[in-house]
Structures are given as structure tokens and as C-alpha cells.
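Q: First the structure, which I've put down as C-alpha cells, then a few questions once you've had a look.
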Amino acid sequence: MIVKKRRRPLPLTVLSTTFVLLWVLMAAFPFIWTVWGSFKVEQDFFSRDSWWFAIEGPRTIAQTGSAFTGDGYYGAWVLRDFFSSVVNTIIVTVSVVVISLTFGTLGGYALARSGYRYTFWLLMLALVFRAMPHITLVSGYLLPFFEMNIWGHLPTAIIVLVAINQPFTLWMLHSFFLSIPKDLDESAMVDGCSRFQAFRMVVIPVMWPGVITTGLFSFLLAYNDFAVTAMLLSQPNQTMVPKIASFLGTIQQEGNVMFAVAAVVSATAPLFVLVMFFQRQIVSGLTAGAVKG
Amino acid sequence: MPHKAFFAFIMPSLLAMLLFIALPIVSVAVQSLYVQHERVVTEVETCAPFAGCTTETRVDAEATEKLRHAEPLGRFNGFGTYLDRNHLATAEIGAILADNAGFADIASRIYNLPFYRALAFTLTYTFVVTPLAMLLGFCIALGVNAIPPFYKGPVIFFSLLPMIVTPLVGALILYWMSSPQGILGATLQSLLNDPTLSLKSSAVLTWVTLLVYGIWHNAPFSFVVFYAGLQTVPHDTLESAMIDGANRWERIRFVVIPHLMPLATFVALVQLMDNFRVFEPIVGFSAEANATSLSWSIFNDLRGQVDQLFGSAAATSMLTIVGVVILLSPVLVRTWREFNRR
Amino acid sequence: MAEIRLKNVSKRWHNFVGVNNFDLDIADREFLVLLGPSGCGKTTTMRMIAGLDDISEGEIWLGDRMVNNLEPKDRDISMVFQSYGLYPNMTVYENIRFPLRVRKVPKELHHEKVMQAARMVELVDFLERRPAALSGGQRQRVALGRAIVRQPAAFLMDEPLSNLDAKLRVSTRAQIKNLQHTLKVTTIYVTHDQIEAMTLADRVVVMNRGVIQQVGTPTDIYDNPANTFVASFIGSPAMNLVSGDIENGTFRGPGITIAGLQTNVKGPVTLGFRAEDASLVSEGGEFGAEVYSMELLGEATMASFRIGDQLVSIKSGKEYRAEIGDVVHAAIPASICHLFDTDTGVRIARTPGN
Ligand SMILES: Nc1ncnc2c1ncn2[C@@H]1O[C@H](COP(=O)(O)OP(=O)(O)OP(=O)(O)O)[C@@H](O)[C@H]1O
Ligand SMILES: [Mg+2]
């Protein structure tokens, strides 16, 4: 005798599955479409006749002889020097992640282990800082930075991003440290470590998952930032996102939007890879904040 | 942990925050009280033969530059900037209130003042996108929770993309698709049978597009948090409810939702903060003609290549900060009460 | 009020058998206890009755309804979970009221019923509290109150006392017994604590590895275990089991010889007797060995002996004293002995006249 699953009525299953499928389509389609279209010429991707052109690419075939073309990528990376902004992005994101995590683990550990009242106030202060729109802070930086002649350099943008990132990093690492029992570092200190040694040799090794998760989010913040990098970096030091924004100003008139499309796809690809490899950490990170926050 | 060790550990982080978050806020506050120098004007008398002498006023570029260099802040203006036409526009509002043709007239005239325009969109965006994105995220979480485990990984992967993508880039991608030559724009044109339809052309459509983008971008966050929350719903309680006679909806209503409530508060808080600084989508959608936000106004003031309006940007920033504090105040007050009770 | 019938019920996950061919009729108003070691399928059986788990095979009848395909809410039962399953966001009052609310019982009856249930479980003073602000025993009583607030066809209780301390367990046990008596509702109660089983049950079902070992009244199970598993599971200490050979009514094992047993068996058997039925004697007896350990229990003294690889315990009066290593004799009359088949463990019935 086969016992039927009677847990979920069929219409409900159909409805919820359709809904999920629809959502996945909504979430994924724009990316698939744009990646596909980035290998076409502009008259296909932005076709006045039919969007079907973007799929088959008749003009692309007419102009380049094949259904796919790397012209957009060539234009962006070589002609428009997208390459150097990629290098800048790498420098900025790596530095931001490393410095943020260093500061953040120290601070988060202190907040998690100190029982005094002021930790609460510091965390609240961090929350308020976290809420500040970045552009309001930028409007505070510009004039002093001009005066001090440090405007436009990569280190300036890096340290600013680190600072902006601190409230979030502190909160997140603080909650991760709270989940590690106090006994661990206390027994290490009884065994003869100093506070810092206990932190470095006993706590950090078991904290790796939390550190990696937090690092991912620091990376995303630095990588996705537009307000700070657009306003604080000079033209040659630009990172990818402001570079893409500057493409829009210049290229659209010249009729080569495809450079921007190619640049957009290039900038998104690393994020895809990131999500693919670190999906679990990202999910756990979002939740860790939620559970403790 | 003793005070000394505590401060040693937290010093780098605290220093960074004080120098680059607290100090800039002070700097913004100071800047907002100043306004850029007027151009130095000199009167030059030119006497040409036969024509007699004429006095001309000219901008003395060199002197202007010198003055700016000497006093980069500009000249003191008190609260003048806050009250001028581009910010709180007290005089203009007074005039509108004194002489108007009904409520609609007041609203439309106030909406024409740049600050209130930006404020209107910012608030609409914040308070429309946040609840709708949370609702959508919750529904997706319920849906994904019910599909076979094998498909959950890929679904979560695709679901994360709209959130993780660079906001400017995400906005651009949707902008291109919704332009009249893009797939969405063209489809809409043919569906509604209106070949001139362009999402950019009307204020309402622009707003709707931006709001849809906002929901698309924000829903995954709620989804992930709620989905994780669903995994920890206490099994016993759920089964008790089943035996007590609760149907599917009542189980969600009485067990699942109460369990997710703390998470929902957290999500709402984070999303309100993030949505209040809405900025990149306006740049990405080139929507500034129909929709501006507070952050965008600041950006616009600072972007001027020749005349960066520091004073004006600072005043808007201060008003934005006040907005943020108002937004956060319920949370802060509540947390403070809870903390004191402990 | 209803009787419950389980007809050859089985539960399988892939090829693991959780419950195998469970066949039992439970009478109306009976207090039935499922007893067995951890993992033997007690919870699974109960969850199938409740409708929380699907049945792989067989039928379950509640009264005259076959409930295999009914949702839990349509089976008209109430259940008390091991970890209570209270609604953390509701007050005690709302928790108890919840079944009435979702079952659309007319509103005007709610208050009276809730108060009546609350009085029964002695919770009237705590009605406005949330579960988080209650002690374990109080939470337990909220779960009970929620179960009794309506008159279900049956109560199911899954180890409801296991989270309580020893003292509270005794008093709550009495309360449950009394409630069942007052309400006269068929009750199935899961436990692995045999004292609970003995004190509460009208009938006990002993299970092992998903299979029923014996069904009977507590005395029945204690006095006439159906096999070596039941014999070694019930009682504290468990029944002594000694393997040996029997011929012509005489059992011979290491250091032990008992005459006057059944004459209808021959060959290897397992002999069982309870520690309190045997007695220590200074001379003679059926058994003699060195004392392995002495335990003072307060009301008695227990001497254990090592026979082969088995431990045999014998109880004696509380003044009895012997040193470890002393050789001691014990009287084990044939009348207190039980015989079990060595291979199958099944009890060898005493033929009348023997
Ligand atoms: N969902 C499941 N999938 C596979 N096996 C399961 C599942 N649920 C229970 N089992 C197995 O079924 C057997 C019986 O489990 P059950 O929970 O009924 O034991 P129990 O008698 O209630 O034990 P305890 O006294 O520890 O509560 C166990 O061996 C368990 O591992
Ligand atoms: Mg169990």
C-alpha cells in the first residue's frame, strides 16, 4: 500500500512553486540577458525594431561576421582603459578588507568580552554611524581633504572606506565573538597567555568562519561603493564603479553604450563567482547579524 | 576585561570612526553655516578716445581665487543656507501658505521646491520599498521552504544576485532593459499599444520604475533572513498547533510569524537605514528630472566641477542626518529602555 | 471518548524499520503506557496515532473512524510534547485557550473552559505570564492544561515528565493519574521510566526495536515477563538471568543447582529469578559463590555475585553484612524461577501440574 503524501494540497504546491520560479526568473533574467547582450553590437542590444534581435543578433552578424563579438569588451578594457580601474579596485578592496578585519576583530573582541556599560553605548553609537548616508560624510571630507592636499589618492579612499565599514564590522564580529565561550580565552590566560596572545593564538583560530563571513561583507561594501570612490578619487585613480558611471557621460553621446555594457558585465562577473563559492557564508552572515542584532 | 585592555583593543577602530565619521559630521555642521564667497568684482574704468569713459564691472578672477584660498570655508552665513530656496525655503512656504488655491495647489507648489521634492521621493522610496520588499521576501522564503531540498541551493544562488550586485550596476542593467529599445520597455510598449511610451517620460512611471528596482534589490535580504528564521521555527510548537486544530494559515499566523517577528524588526531597521540613503538608482536610471533624493541632492551640489556648493551640500547633509536620527529614534529609545530594565 | 485500534501498523524510512507490525486494541478510558529503551519506536508510534507522521503500512482506527488519511486536527486528540511546544508569544491564558480559538468554539464559552482547565492544573495564579517566565513544572502544567481544555477522544503524552526534577515528577505523575481518572479519556503515555509505567498504567506495552514484546498489566509484566528482554528491562535491579542446562527438572549452572523445575524441557535454558525472591542462608541452599560487591540500599542489603560473565544480585534484610570475598549461600526455591529459551529468549510456560 502506498501512502499518499497528504501534507500539502496540490493547488498550494503548484502556486508556491510557480511563485518561486517566477521570482528566480525575475532575479536571474536581467543578468543573463545583459551577459548575452554584451556580446552583440549596439543596434542589436538596443534594437529599435524588435528585442528579438538581441537574441539572434542579425546586425552583429552583418557588422562583424559572427553572432558574437567582443568589441564591447575590447573598447572598454583597451580603448577606454578599464583595465587600470580594475587594478585600482583590487588595491582598494584588498586593503579595505584587510584593514577592516584587523581593526574589527580587535574591536569586536573587546566589545564582546568587556562587561562594562560603555560597550552598550559604543554599539549604539556604531549603529547611528552605520545609518549615516555615505554621501553626507563625503560632503564633510571634501573641503578638508582639498585643504590638506590628500584628495584623489587611493589611500585616502581606502581609509575612509575602512572607517565607514567599521560600525558594521564591529557589530558582526562582536556577535560572532559572543558565540565563542569565554572559558576558551580565560583558560588560555590561566595557562599563561597575555590577553593579546589569548586573542591571537586561541580565539582567532576558532573565529575563522566569522572572520571570513565578515570579510565577504567588507569586500562587498568596498567593491560596490559609488558615493565615496566617485567623489574622493581623481580621474586616473578611479575604481570600476565610478569608471562605469563616467562611461555613461562620455560614451552615450558617442553612441557606444556597448563599452558600458561590457564594463558592467566585467564588474559583475566577480560577484557571481563570489556568490557561487561563498553562498553559505553570505547566508550565515546575514543571519548572524539578524539573530544577534 | 579591564578598561585599559579594552581601550587598547578598540582604539584603532574607534579612532577610525571618530576621525572619519564623527569628525566629518562636525565638519558638515560647520560648513553648513558658511556660504561660498561671492565673486570679487572690480570696477574698471575704460576710457576710449571719442567715446568717453565707461565704468565696467568685471570679475576679478585672481582676487576671487586669492580670497577663496585664504578662507576656503567661505563667508559666514549663519542659518541662511538652511532657510534659502534650495533647502527649507521658509519664505517660499510662507508665501505659498499665505496665498494659495486649495490643498492640491499647496502640495504641487511645495513639491516644486528642490528640497521637498527630494524629501518626498526619499520618504516614498523608504516607506514603500521597505514593507513591500519584506513582504515579497517573506513570500519567497515560504515558497522556497516548500520546494525539494535539491533545488534550494540554486534558487538561493539566483535569489542572492539582485542584492549582491553593485547598486549602480543593477540599476543600469534594469535601466537598459526598460529603455524603449530594451526588452522590457519594448514589450510594455507593445502590450499597452503605445509606441511613444517611455518609462522616463512621466514622473509617475519613473517613480514606479525606481520603486520596482528598490523592491527587486531589497527583497533577497529579507528572503535570506526569513528563510533562515523558518529553519529554526520550533517543531514541537508547530505540531502542537496542528493537533490543537490550527490550519495552515493559522499555523503561520500564530507560530511562524511570532517566531520571525524579532527578525522582521531587524530587517526593517537595516532596510530603512539603507533605503533612506537611496542614491545610486537615481544615477543609474538617469532619473533626476523626475525623481531626486536627499543623497542625490548632496551629490549634485558637490559634483559641480567649477563651483562645488559645499555650504549647500552641508546644509542638506545636516537635514539628512536629522532625518536619520528621527528614523532611528524609536529603535534607540526602545533599546535604551530595554537596556535600563536589565 | 473512544477506543483506539492499531491494525498491523508499520513505519519505515527507506529500509530502516522504525515500528514493525504494531497490532493493538486500546479500550475506551484505558491508560496505556508505551515503555521501552531509547530509540525503540515509542514516539514514532504515538506520532502516527496523532497524524504527525505518515503510516507506511496498516490502519489506525479512532472509535469507528479509520484515520489514516485525516489531518492531525481532524483526529480529535490532544497531545503533550516532551518539550511542551508552548506558544512563546502568548500568555498562559492564551496558550490554554488556543485550541478553542482555532476550533471555532463559541467565544462565550472560552473563559469558563480555560478557567476550569487552569484550576485543574493549578495555574490560576499564572494566567497572565508568558511561558518564558515559568518554571519547568509550570510549563508542563500549561501543556497539560492546553490538552484538557477541550474534551478530546484521546490524550497522547510523550515523556511529559522527563524534564522535571525527581520530586516534581512524583507530584505531577499523581496529578496526571488523577486527571485521567476524572476526565475518563483514553490516554496513551510514552515513557522509558518503568516506575512511571508501573504506577500510571492500566496496561503496559513493552517495546524493543519497533516490535511489541509484551502487553499486560504492570503486575503481569513484572511477575510473568514474556521473554528475556522484558525480564531484563523491568524491575530494579532487573531479573537475574543465568544460563545453564536442565534435565529431569533439575537446572545446573556455574555454582547453582536447582531441583524441582518443569520436567518437560531438556537442554540449554536461561533461568531467571528476582533478587528479592531469593534469600541468603548460612548453609546449604541452591547456590554458593564469593561475594563480588555489597550494596547498602537502606531498606535492604544487596549482595552481588559473579557467575561466568553474569552478575547475580540477591536482596537480604538491612542488617545483613558480609565481606567482599566471603563465600555465601542462597536459597532459590523452584517456585520463584522462570525459564526462558536460550536461543529465542521466549518464556517456557509451566505446564499445569508441574
Ligand atoms: N525521520 C526519521 N528518519 C529516519 N529514522 C528515524 C526518523 N525518526 C526516527 N527515526 C528512527 O526511528 C527509531 C525510533 O525512534 P523514536 O523517536 O520513535 O524512538 P523513541 O522510542 O521515542 O526513543 P526515545 O525514548 O529516545 O524518545 C529510532 O531508531 C530513530 O533513529
Ligand atoms: Mg521519543
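Q: Please work out the average accessible area per residue across the protein assembly as shown, using the 1.4 Å probe convention, and give it in Å².
A: 45 Å²
Q: Here's something else I'd like to know. Based only on Cα atoms, what Rg/Rh ratio does the range B:118-288 have, Rh being taken as Kirkwood's radius?
A: Ratio of gyration radius to Kirkwood radius: 1.06.
Q: With charges only on Cβ, +1 for K and R and -1 for D and E, what is the dipole size of the range A:76-292 about its Cα centre, in debye, rounded to 20?
A: 340 debye
Q: A further question on this structure: Any idea what the relative contact order of the range B:75-216 is, in percent, if you count C-alpha pairs under 8 Å spaced at least 6 apart?
A: 18 percent
Q: Just to be sure I understand: if you take the accessible area of chain B alone plus chain A alone and subtract the pair, with a 1.4 Å probe, what total do you get in Å², rounded to 100?
A: Counting protein atoms only, the buried area is about 8800 Å².
Q: Also, I was wondering about something else. Would you kindly calculate the translational diffusion coefficient of the protein assembly as shown, applying Stokes-Einstein with the Kirkwood radius from alpha carbon pairs, for 37 °C and a viscosity of 0.692 mPa s, and quote it in µm² s⁻¹ without decimals?
A: On the way: Rh = 35.0 Å.
Answer, rounded: 94 µm²/s.
Q: Need the C-alpha centroid separation for the range A:18-43 versus the range B:249-302, integer Å.
A: Taking the Cα centre of the range B:249-302 as reference, the centre of the range A:18-43 is 24 Å away.
Q: Quick one: compute the contact order of chain C, relative version, from alpha carbon pairs under 8 angstrom and 6+ residues apart, as a percent.
A: So the answer I get is 15 percent.
Q: If you don't mind, there's one more thing I want to ask. Hand me the trypsin sites (Lys or Arg not before Pro) from the range C:41-84 located in a DSSP loop with no more than 15 other Cβ atoms within 10 Å, in residue order please.
A: Loop-located and lightly packed - none at all.
Q: Are there trypsin sites (Lys or Arg not before Pro) in the range C:183-286 that DSSP marks as loop and that have at most 13 other Cβ atoms within 10 Å, and which are they? Walk me through the numbers before you get to the answer.
A: On the way: sites: C:Lys184, C:Arg203, C:Arg209, C:Arg252, C:Lys266, C:Arg274; in loops: C:Lys184, C:Arg209, C:Lys266, C:Arg274.
Here the sparse-neighbourhood loop sites are C:Lys184, C:Lys266.
Q: Based on the Kirkwood radius over alpha-carbon pairs, what value in µm²/s does the Stokes-Einstein equation return for the translational diffusion coefficient of chain B at 37 °C and 0.692 mPa s?
A: Numbers: Rh = 24.8 Å.
Estimated via Stokes-Einstein, D reaches 132 µm²/s.
Q: If every alpha-carbon in the range C:62-221 counts as one equal scatterer, what log10 I(q)/I(0) does Debye give at q = 0.11, 0.14, 0.18, 0.20 1/Å?
A: Ignoring solvent entirely, the Cα scatterers give -0.47, -0.75, -1.18, -1.38.
Q: About its Cα centre, what dipole magnitude does the range B:118-288 give when the only charges are +1 on Lys and Arg Cβ and -1 on Asp and Glu Cβ, stated in debye to the nearest 20?
A: For the range B:118-288, the charge dipole is close to 100 debye.
Q: While we're on this one: Out of residues 5 or more away from C:Tyr189 or on other chains, whose amide H comes under 5 Å of its own, with H placed 1.01 Å from N in the peptide plane?
A: C:Leu32, C:Val33, C:Leu34, C:Met157
Q: Give the residue from C:Gln194, B:Pro162, A:Met124 lying farthest towards the positive end of the charge dipole for the protein assembly as shown; charges sit on Cβ (+1 for Lys and Arg, -1 for Asp and Glu) and the dipole is referred to the Cα centre.
A: Among C:Gln194, B:Pro162, A:Met124, the one farthest towards the positive end of the dipole of the protein assembly as shown is C:Gln194.
Q: Tell me the mean residue ellipticity at 222 nm calculated for the protein assembly as shown from its helices only (DSSP H runs of n ≥ 4, each -39500 (n - 2.57), averaged over every residue, nearest 500).
A: Estimated from H runs of four or more residues: -17500 deg cm²/dmol.
Q: Hey, what do the phi angles of the range C:47-61 turn into as Karplus ³J(HN,Hα) couplings, whole Hz, using 6.51/-1.76/1.60 and θ = phi - 60°, x for Gly and Pro?
A: 5, 6, 5, 6, x, 7, 10, 6, 9, 7, 7, x, 9, 10, 10
Q: Any chance you could list the semi-axes, whole Å, largest first, of the equivalent ellipsoid that the Cα gyration tensor gives for the range B:54-93, using √(5λ)?
A: Square roots of five times the eigenvalues give 29, 17, 7 Å.
Q: Please state the charge dipole magnitude for the range C:243-354, taken about the Cα centre, from unit charges on C-beta atoms (+1 on K and R, -1 on D and E), reported in debye and rounded to the nearest 20.
A: The calculation lands at about 300 debye.
Q: Taking only the C-alpha atoms, wrap a convex hull around the range A:123-270 and report its volume per residue in Å³ as a whole number.
A: Residue-normalised Cα hull volume stands at 147 Å³.
Q: Give the Rg/Rh ratio for the range A:1-142, taking Rg as the radius of gyration of the Cα atoms and Rh as the Kirkwood radius, to two decimals.
A: Values: Rg = 26.2 Å, Rh = 21.8 Å.
We get a ratio of 1.20 for the range A:1-142.
Q: How long, wide and thick is chain A, going by the Cα atoms along their three principal axes, in whole angstroms, largest first?
A: 82, 77, 31
Q: Separation of the range C:2-49 and the range A:47-102 by C-alpha centroid, Å?
A: 65 Å
Q: How much of the accessible area of chain C, in percent, comes from carbon and sulfur atoms when a 1.4 Å probe is used?
A: 49 percent
Q: Let me ask something else about it. Using +1 at the C-beta of Lys and Arg and -1 at the C-beta of Asp and Glu, which of A:Trp77, A:Ala28, A:Ala112 has the Cα lying farthest in the positive direction of the dipole of chain A?
A: Of the listed residues, the answer is A:Ala112.
Q: Amide H neighbours of A:Gly152 under 5 Å, counting only residues 5+ apart in sequence or on other chains, H built in-plane at 1.01 Å?
A: It is A:Ser234, by chain and number.
Q: Still on this model: Do any GluC sites (Glu not before Pro) in the range B:1-101 lie in a loop, going by DSSP, with at most 14 other beta-carbon atoms within 10 Å of their beta carbon, and if so which?
A: B:Glu38
Q: Another one. How big is the C-alpha Rg of chain C next to the rule-of-thumb value 2.2 N^0.38 Å, as a ratio? Intermediate values should be presented prior to the final figure.
A: Numbers: Rg = 24.4 Å, N = 354, 2.2 N^0.38 = 20.5 Å.
Dividing the Cα Rg of chain C by 2.2 N^0.38 Å gives 1.19.
Q: Residues with amide H under 5 Å of C:Met207's amide H, sequence separation 5 or more or different chain, H placed in the peptide plane at 1.01 Å from N; which?
A: C:Leu35, C:Gly36, C:Gln213
Q: Still on this structure, I have one more. Hey, what do the phi angles of the range A:131-141 turn into as Karplus ³J(HN,Hα) couplings, whole Hz, using 6.51/-1.76/1.60 and θ = phi - 60°, x for Gly and Pro?
A: 7, 5, x, 4, 5, 5, 5, 4, 5, x, 6
Q: How large a share of the accessible area of the range B:118-288, in percent, is made up of carbon and sulfur atoms when the probe is 1.4 Å and the other protein chains stay in place?
A: Exposed carbon and sulfur together represent 72 percent of the surface.
Q: Oh, and also: Would you mind pulling out the separation of the Cα centroids of the range B:8-42 and the range C:296-350, in Å?
A: Rounded to whole Å, the Cα centres lie 89 Å apart.
Q: Another question, if that's okay. For the range B:315-332, take each phi angle, set θ = phi - 60°, evaluate the Karplus expression 6.51 cos²θ - 1.76 cosθ + 1.60, and give the result in whole Hz per residue in order, putting x for glycine and proline.
A: Rounded to whole hertz, the list is 5, 4, 4, 4, 5, 4, 4, 4, x, 4, 5, 4, 4, 7, 4, x, 5, 4.
The values are calculated or read from the model by the stated rules, or taken from the named source; none is laboratory data. Model, not experiment: these values are computed from the prediction. Every residue, glycine among them, receives a Cβ derived from its backbone with ideal geometry; neighbour counts consider all protein chains shown. For the accessible areas, the whole protein counts, side chains as well, though only heavy atoms, and no ligand, DNA or RNA atoms are used. Shrake-Rupley method; radii C 1.70, N 1.55, O 1.52, S 1.80 Å.
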